[in-house]
Amino acid sequence: MADKKMSSSRKHHIKSLMLSIAKGLLEEEEREREEERGRYMAENCPSLSMPRNMQELQELCREIHHKIDVIDEERYDLEMKVNKANKEIDDLKIKVQDLMGKFKKPVLRKVRMSADAMLKALLGSKHTVNMDLRANLKQVKKEVKEEIHQDPAANMATEKRLSARRKHTLKSCMLVVANNLLDAEATVKADEREKFLAEKCPSVELPYSKDELMELCKQLHEQIDISEEERYCIEFKLNMVLNEVRDLNIKIVDLRGKFKRPRLKKVRMSADAMLKALLGSKHTVNMDLRANLKQVKKEVKEEDKQLRDVGDWRKNIEDKSDRKKMFDS
């Protein structure tokens, strides 16, 4: 029953149900996003209440203009973070592709040993069967490429090691250059930020008429609404990008831990089984490697025999102590 295949109509019905469920989930997510956006705009951009006093109107215009400056600064910072995160995503995607292409199933190395040499090593020097496996192979002409001979002086120059003092000097120079580059990059970013804020937030000129002040306040309030909406969209995009960066980092860690170098197993195979696999089922040779070894008898020299018979010299001296008494008397 488990192996029973579904019909095409059943598959089509299940696919349509899945698509309808996915569509409902997407619509619900979009609805929740719009509600959250409306709550954010209601909190940060309340309705404008116009004061009747001229001085209060001027003060309100200044406050609204300052708020626009703050919003534009925050929006610029968010855009820079989004661009930085996008570059990081591109780098992580390249890294993921590199890891997925780097860790492949390892190919077993070819044994640089002919069948004759293998049989000779297994059977001994008495093996006379010639296994010419290349006789039936198709002959292909190989193009010989000219090798580039390198200059030995260049090799000596590359192989020459640097002293510790030289390495320290090079590291200090590299750090100085890197510090100068970072300072220049920070200066360029500050100039770009000032330029952006000068274009988006010019200095406000307050008119002297009450009607013109009220109209200016309305325009600035509308500009705040637009800036807040753009900031919300950029912030939402930044959160999505950061989630993608987090997912890519998890994927990289998973790939690094997943693909490990496999350990080769030891082949539990006897020499008889190896020869049977090479020569076929007709192989009847018994691989007793010790049978063909040359027996060598150890020759005992006469000097060694005499030394062995003499034994311990201190014992001989004690045995012949009576002789010494004869000479003393």
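Below, the figures for the structure above:
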| quantity | calculated |
| --- | --- |
| Residue satisfying all of: in the stretch 26-53; surrounded by 10 or more Cβ atoms within 10 Å (Cβ to Cβ) and small (Gly, Ala, Ser); nearest to the chain's Cα centre (by Cα) among these | GLY38 |
| So GLU56, is it at pLDDT 80 or above and surrounded by 10 or more Cβ atoms within 10 Å (Cβ to Cβ) | no |
| Sole residue being of a type in the set (S, T, N, Q), surrounded by 10 or more Cβ atoms within 10 Å (Cβ to Cβ) and modelled with pLDDT under 80, chosen from ASN130, ASN136, ASN155 | ASN155 |
| Pair list, Cβ < 8 Å and 6+ apart or interchain, from the stretch 158-180 residues that are surrounded by 10 or more Cβ atoms within 10 Å (Cβ to Cβ) to residues that are aliphatic (A, V, I, L, M) and at pLDDT below 90 | LEU170/LEU162 |
| Any chance ARG166 is at negative phi, at pLDDT below 85, assigned to a helix (DSSP H, G or I) and under 36 Å from the mean Cα position of the chain (by Cα) | no |
| Any chance TYR76 is among the hydroxyl-bearing types (Ser, Thr, Tyr), more than 22 Å from PHE196 (Cβ to Cβ) and in contact (Cβ under 8 Å) with a residue 12 or more places away in the chain | no |
| Exclusive hit being surrounded by 10 or more Cβ atoms within 10 Å (Cβ to Cβ), modelled with pLDDT of 70 or more and not small (Gly, Ala, Ser), set LEU289, LEU220, LEU307 | LEU220 |
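Yes/no per residue for (1) in contact with a Pro (Cβ under 7 Å, 6 or more places away or on another chain); (2) assigned to a helix (DSSP H, G or I); (3) more than 24 Å from GLU230 (Cβ to Cβ); (4) among the hydrophobic types (A, V, I, L, M, F, W, C):
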{"residue": "SER9", "(1), (2), (3), (4)": "no, yes, yes, no"}
{"residue": "ILE14", "(1), (2), (3), (4)": "no, yes, yes, yes"}
{"residue": "LEU17", "(1), (2), (3), (4)": "no, yes, yes, yes"}
{"residue": "ILE21", "(1), (2), (3), (4)": "no, yes, yes, yes"}
{"residue": "GLU28", "(1), (2), (3), (4)": "no, yes, yes, no"}
{"residue": "ARG31", "(1), (2), (3), (4)": "no, yes, no, no"}
{"residue": "GLU34", "(1), (2), (3), (4)": "no, yes, no, no"}
{"residue": "ALA42", "(1), (2), (3), (4)": "no, yes, no, yes"}
{"residue": "MET50", "(1), (2), (3), (4)": "no, no, yes, yes"}
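The values are calculated or read from the model by the stated rules, or taken from the named source; none is laboratory data. As the structure is a computational prediction, the values presented were derived from the model and not from experiment. Reconstructed Cβ throughout: ideal geometry from the backbone, glycine too, with neighbour counts over all protein chains shown.
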